[in-house]
Structure formats: C-alpha cells, structure tokens
Amino acid sequence: MITPRSPIVALGVGVAAPPAVLVAIYLFFAGHNQPGGGFAAGLVLGALVALRAIAGRRAPATSTTLLWIGAGLAAGVAVLPVAFGDAVLDQRVVDVTVPLLGKVKSGTALVFDAGVAAIVVGLVMAVLDGLGISRIADPSPESETAAKVEGGS
C-alpha cells in the first residue's frame, strides 16, 4: 500500500527545485570547458522530475516528445555539416557581442548538448512511466483499487 503524500517531502522538493534547475543550467553551459554538459544537466533535471513525481507534485507526461526532439537536435547537428561539405559533427563557432556581457562565443556543440539533455530527461521519464510512477504520484482510491486488482491483493 502506498502511504499518503507527506507535505514535508512535497515542501522539500518544492524548495530544492529552483536550485536544482540553476545547477543544471550551470552544468549545461560549463560543460565545454569543465566537467558537465548536456548529459550531466539532463541527469540533474531527470532526478528533479523523479523527485517531483514521487512527492506527488506532478507525474511526468509523455516522454516520446522529448526523445524525438533530442534525437532530432543531435542528428541535425551531426548531419548538417555534411550538406556544407564539412565532416560529420564539425563544429561552427559564432562570436556575438552582447551589451551587458561583452563578447559571447557559442557553437553547434551547444545545440548538440541540448539534444543530449532532452534525450536523458526523456529516458528518465520513460523509465518512471514504465515503473508505474502515475500510481505512486496519484494515490487516489481508484488507482489503489486498480493496483490491488493487478497485484492480486
């Protein structure tokens, strides 16, 4: 039997969510020069999705969309340079001068990292869905009855 949701756990996850998102953003952008990147940021965001679902904040929606978006971004960045006569996964770097930040460099690797992050979060959501997180996140009497019928107890 699933115990009712704890308001303390829900509050803790709600308080921890904004710093976790900031850490994920930092890892995402710091990944080109230091440890981190799309995979590490995706893991932090995936852990946040899992914690929110377990705390009953919101069960994850369909993961297929995130998986397709991530695969499309990664494949597009990998194949697009071939159309311009370059090698697969060749990186282009763009320099932009922003008024408050000064000179900012970015490249196609950033788009690839966004695709990797989307794939990792989508996979975490798919695993949660496969484990039946909707029954854990929504402990209503209907879902408990369905769990008893499926489990035979």
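The values are calculated or read from the model by the stated rules, or taken from the named source; none is laboratory data. Since the model is a prediction, treat every value here as computed from it, not as a measurement. Glycine also receives a Cβ, built like all others from the backbone with ideal geometry; neighbour counts cover every protein chain displayed.
Please pick out the residue among Val96, Val82 that is free of Cβ contacts under 8 Å to residues at least 12 places away in the same chain and in contact with a strand residue (DSSP E or B) (Cβ under 9 Å, 6 or more places away or on another chain).
Result: Val96 is the single residue among Val96, Val82 that is free of Cβ contacts under 8 Å to residues at least 12 places away in the same chain and in contact with a strand residue (DSSP E or B) (Cβ under 9 Å, 6 or more places away or on another chain).
So which residues in segment 68-106 are under 17 Å from Gly37 (Cα atoms) and charged (D, E, K, R), if there are any at all?
Lys105, the sole residue that qualifies.
Can you run down the residue pairs with Cβ atoms below 6 Å, 6 or more apart or on separate chains, where the first is in segment 60-74 and more than 16 Å from Ala114 (Cβ to Cβ) and the partner is in a helix (DSSP H, G or I)?
Close Cβ pairs satisfying both conditions: Pro60/Val49; Pro60/Ala53; Pro60/Met125; Pro60/Leu128; Ser63/Gly122; Ser63/Met125; Ser63/Ala126.
Conditions (1) surrounded by fewer than 20 Cβ atoms within 10 Å (Cβ to Cβ); (2) among the charged types (D, E, K, R), marked per residue:
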site: Val44; (1), (2): no, no
site: Ala53; (1), (2): no, no
site: Gly56; (1), (2): yes, no
site: Thr62; (1), (2): yes, no
site: Ala71; (1), (2): yes, no
site: Ala75; (1), (2): yes, no
site: Ala78; (1), (2): yes, no
site: Asp90; (1), (2): yes, yes
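Pick out the one residue from Ala109, Ala114 that is of a type in the set (A, V, I, L, M, F, W, C) and modelled with pLDDT of 90 or more.
Residue meeting the stated conditions: Ala114.
Just one of the numbered conditions (1) more than 15 Å from Gly46 (Cα to Cα); (2) at pLDDT 85 or above; (3) in contact with a helix residue (DSSP H, G or I) (Cβ under 9 Å, 6 or more places away or on another chain) is not true of Val120; which one?
(1)
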